[in-house]
Amino acid sequence: MYQDILPLSLEGDWRSEPVKPITDTLSGWLFESGSLTQKLKNNCASFRVKILAKHERELSEGELALFDCKQQAVQVREVLLYCDDKPWVYAQTLMPLANVPESVVKLTTLGEKPLGEMIFNEPGMTRSLIEVTQFDLQSSVAMLAAEVDKKPTHPLWARRSCFTVDGYSLLVAEVYLPCAAAYL
């Protein structure tokens with residue numbers, strides 16, 4: 001079962017531009033500047049969040065550079081975003097545990113509420129440049145996709161960016177699973 005492969009490693013060759021040509025449809029999903037939650041809801045009749053795991057760990061070297069900080073513990077939230085009962089997106093959020101402003105505490109206790117509905121309504125929220133990467137068919141991401149839906153027949157695309165609210169940054173990564181509209 002998928003619990004054996006969690007937490008997923010999302011280490012990869014993250015870039016602000018894809019290394020391979022992509023379709024306009026995929027580009028529209030990868031570089032959506034608004035709420036992915038809202039875009040998903042606009043493309044299906046029913047939307048829901050399923051929590052896979054919530055745990056703590058230390059930031060990796062690559063993540064440290066993104067957060068521009070010293071080694072620190074983060075809360076990791078791993079979820080699936082479902083559209084019409086199909087898992088379209090695996091999402092992972094890293095939230096540092098130190099110096100959490102009162103205005104952001106609610107983001108650490110979302111339960112099955114979508115992060116996108118909360119974060120895009122925060123006054124003064126800023127977002128870093130969106131970075132993208134691909135995960136190959138042997139990756140832990142592909143193994144998760146095979147467990148929760150179907151085995152991928154093509155590499156899976158992902159995006160990530162940092163959101164900052166009241167000086168507090170969190171990293172959100174989203175991987176489009178095989179049945180996602182991003183690949184249509």
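No lab work stands behind these numbers, since they all come straight from the coordinates. Note that the structure is a prediction, hence the values are computed from the model and not measured. We place every Cβ from the backbone using ideal geometry, glycine too, and count neighbours over all the protein chains shown.
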Legend entry - segment 1-78 - percent relative contact order, Cα under 8 Å, separation 6 or more: 29 percent
Legend entry - Value at 222 nm in deg cm²/dmol, rounded to 500, when DSSP H runs of n ≥ 4 in the chain each add -39,500 (n - 2.57): -5000 deg cm²/dmol
Inset, instruction - Specify the inter-centroid distance of segment 26-48 and segment 72-146, based on alpha-carbon positions, in whole Å. - result: 14 Å
Inset, instruction - At 0.36 nm per residue, minus the direct Cα-Cα distance, what do Ser33 and Lys150 gain on full extension? Give it in nm, one decimal, please. - result: 39.3 nm
Inset, instruction - Would you calculate the separation in nanometres between label points at Thr109 and Glu61, each defined as 7 Å from the Cα along the Cα-to-beta-carbon direction? - result: 3.8 nm
Legend entry - Cα pair distances of segment 1-108 binned at 5 Å [whole percent]: 2, 9, 16, 18, 21, 19, 11, 4, 0
Legend entry - Reference-scaled alpha-carbon Rg (2.2 N^0.38 Å with N residues) for the chain: 0.97
Inset, instruction - Please go through segment 1-97 and write out the trypsin sites (Lys or Arg not before Pro) that DSSP classes as loop and that have at most 13 other C-beta atoms within 10 Å. - result: Lys70
Legend entry - Sites Asp85 and Lys54 - FRET efficiency at Förster radius 22 Å, r taken between beta-carbons, to 0.05: 0.45
Inset, instruction - Take the cross-link list Lys54/Lys151; Lys41/Lys113; Lys54/Lys113; Lys41/Lys151; Lys20/Lys86 and give me the ones stretching past 21 Å between alpha-carbons. - result: Lys54/Lys151; Lys41/Lys151; Lys20/Lys86
Inset, instruction - Considering Cα pairs under 8 angstrom that are at least six residues apart, work out the relative contact order of the chain and quote it in whole percent. - result: 27 percent
Inset, instruction - Compare the Cα positions of Val165, Ser60, Trp29 along the charge dipole of the chain (+1 at Cβ of Lys, Arg; -1 at Cβ of Asp, Glu; about the Cα centre) and return the one farthest towards the positive end. - result: Trp29
Inset, instruction - Percent of Cα-Cα pairs per 5 Å bin, from 0 to the last occupied bin, for segment 101-176, please list those. - result: 3, 14, 21, 18, 14, 14, 10, 5, 1
